[in-house]
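Remarks on the structure that follows.
The values are calculated or read from the model by the stated rules, or taken from the named source; none is laboratory data. Bear in mind the structure is a predicted one, so any value in this text is a computation, not a measurement. Quick reminder, even Gly has a Cβ in these numbers, built from the backbone with ideal geometry, and neighbours come from all protein chains shown. All accessible areas refer to the heavy atoms of the entire protein, side chains included, with ligands and DNA or RNA removed. Shrake-Rupley method; radii C 1.70, N 1.55, O 1.52, S 1.80 Å.
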Amino acid sequence: MKVLLDENITQKAIPVLEKYGHDVIHVLNRFEAGKCDEDVFQLALKEKRVLITLNGKDFIVFIPPQTELALHYGLIWLRGFQVTNKSYESIMNIIGDFLRSKGNSIKNAYYSMKKKGDSYEIIQRFPKEKSYLMGK
């Protein structure tokens, strides 16, 4: 799967996701720091990449149900927690495995990932479906 990491996700996450077979780039591979969210989202569309971000509220305005956009390639919002140097590897392992299991079905979907006890839960927010409880 093709993945775009937003500026607020450490670039150290790239090799973690690549080991799951994903084609991963970071926003800073294409733009200078501070690029506007609309340009970042347009890059994800142009390159057919799922976008992973900490500030999903800035991106959900570009996708259904907020807009009539016909196609996007998925959004994962890491919500309510920070990806630190200590936690990024386990979080990205969970996301890497999740994306591998979902395949192309992530198109036109928006997910939020939340901390739940000692693990993480990935919840499909749009279209409404189900949640996935993932390991540590």
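List of remarks:
- For F41, the conditions (1) modelled with pLDDT under 90; (2) within 19 Å of H26 (Cα to Cα); (3) open to solvent by less than 20 Å² (accessible area, probe 1.4 Å) are fulfilled apart from (1).
- Residue satisfying all of: in region 89-123; open to solvent by 60 Å² or more (accessible area, probe 1.4 Å) and either part of a helix (DSSP H, G or I) or of a type in the set (D, E) (or both); farthest from E38 (Cα to Cα) among these: D118
- Here region 1-26 is the region considered, the condition is being open to solvent by 50 Å² or more (accessible area, probe 1.4 Å), within 12 Å of the chain's Cα centre (by Cα) and charged (D, E, K, R), and the residue that is modelled with the highest pLDDT is K2.
- Single condition E38 does not satisfy, out of (1) part of a helix (DSSP H, G or I); (2) without any contact (Cβ under 8 Å) to a residue 24 or more places away in the chain; (3) over 15 Å from the mean Cα position of the chain (by Cα): (2)
- Pick from region 49-60, criterion of a type outside the set (F, W, Y) and either in contact (Cβ under 8 Å) with a residue 60 or more places away in the chain or farther than 17 Å from G96 by Cα (or both), ranking: surrounded by the most Cβ atoms within 10 Å (Cβ to Cβ): G56
- Qualifying positions in region 61-88 - within 22 Å of S119 (Cβ to Cβ) and either without any contact (Cβ under 8 Å) to a residue 12 or more places away in the chain or outside any loop (DSSP other than H, G, I, E, B) (or both): L75, I76, W77, L78, T84, K86, S87, Y88
- G21 touching a residue at least 24 places away in the same chain (Cβ under 8 Å), of a type outside the set (A, V, I, L, M), part of a loop (DSSP other than H, G, I, E, B) and within 15 Å of M113 (Cβ to Cβ): no
- Filtered by the rule that a residue be open to solvent by 10 Å² or more (accessible area, probe 1.4 Å) and of a type in the set (G, A, S), region 61-88 gives A70, G80, S87.
- Residue within region 27-35 that is open to solvent by less than 70 Å² (accessible area, probe 1.4 Å), without any contact (Cβ under 8 Å) to a residue 40 or more places away in the chain and in a loop (DSSP other than H, G, I, E, B) present: yes
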